[in-house]
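Notes to accompany the following structure.
No lab work stands behind these numbers, since they all come straight from the coordinates. On a predicted model such as this, the values are computed, not experimentally measured, just so you know. Here the Cβ is made from the backbone with ideal geometry for all residues, glycine too, and neighbour counts use every protein chain on show.
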Amino acid sequence: MRPVSAKMESVASVDHLPNRAEIEALPDFTADDPMRLLVSACLLGVPCGVDGTSYGAPYPHIQRLLGLSNIAIVAFCPEHLVFGTPRETPDIHGGTGWDVLDGRAKVLSDSGHDWTEPMVRAAHAMLAVAQHNQVHLALLTDISAACGSQVIYRGARSEGMHQAGQGVCAALLIRNGFKVVSHRDHRSLCRIMRKLDPNVETDPTARDHHETDWYVDHLGPPAGYS
Ligand code: SF4
């Protein structure tokens, strides 16, 4: 996929999600020629979260998708790579993942250590994995300072403030042309599921994260979305 333009880097847009036409335009995947999917390792149940857990994963809807025979999983945890597990919790201060990449914001740990440089390094490592494996899509854990693709914290999560936008690793993937879906984007996940298995029934109630009451109440509708 081609790199996104600067205009598409709007942090509150949902251009990073693959739309219906883009999903339908993907190849017809088979067990011999599967969809290659970059996945946040914790979504697979790998205990690589900051507290040494998988944050409650694996989730049934993700297990169902990843259990299909025509999908090839590329699992990766960028924070484990550079900070180890368990670790302090990183959050973005002064902007979003895009701002961190461009030197306008910082990543700080709970105790105030500047983790900006290693987080950017982790993002480039994740991008290299995506490019090496020529993944078709990324499925990432939302609200992480690394993997978040719809929502991240605004500053220290102990303050409890959220913002629309991407974490550092998700932003770099998107900047380099990869589409990203979060584990909370149920409408997009249903479309991907049907692409992989046309026998799957459509769920008309499925909503992406930005379409949920919580998102709209807290953050408002994303740019260009109605
Ligand atoms: S960095 Fe990403 S893969 Fe690792 S624990 Fe956090 S959300 Fe999961």
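The share of Cα pairs per 10 Å bin across the chain, counted from zero up to the longest distance, runs 8, 35, 38, 16, 2, 0 percent.
Springs between Cα atoms under 10 Å define the GNM used for the chain, and in it the highest mean-square fluctuation of 215, 153, 59 occurs at 59.
Within the chain, 42, 147, 169, 190 have no other Cys Cβ under 4.7 Å of their Cβ and so lack a disulfide-compatible partner by this rule. Of the three principal axes defined by the Cα atoms of the range 165-226, the extents in descending order read 35, 30, 19 Å.
Every pair of different Cα atoms in the range 59-100 enters the Kirkwood calculation, which places the hydrodynamic radius at 13.5 Å.
Restricting the calculation to Cα atoms, the range 33-86 yields a radius of gyration followed by a Dmax of 11.9, 36 Å. Relative contact order, whole percent, for the range 1-155 stands at 24, derived from Cα pairs under 8 Å and 6 or more residues apart. Taking other residues whose beta carbon is less than 12 angstrom from the beta carbon of residue 216, and scoring Lys, Arg as +1 and Asp, Glu as -1, yields -3. The orientation-averaged shadow of the Cα convex hull for the range 92-226, equal to a quarter of the hull surface, comes to 9.1 nm². What separates the Cα centres of the range 55-118 and the range 149-211 is a distance of 14 Å. Once the Cα atoms are used to define both axes, helix 186-196 deviates from the longest principal axis of the chain by about 40 degrees.
For the range 116-168, the calculated P(r), taken from all Cα-Cα distances in 10 Å bins from zero up to the bin holding the longest distance, is 25, 48, 23, 5 percent.
The angle between the Cα long axis of helix 116-132 and the main principal axis of the chain comes to about 20°, on a 0 to 90 degree scale.
Gain on full extension, evaluated as 0.36 nm per residue between residue 117 and residue 26 minus their Cα-Cα distance, stands at 29.3 nm.
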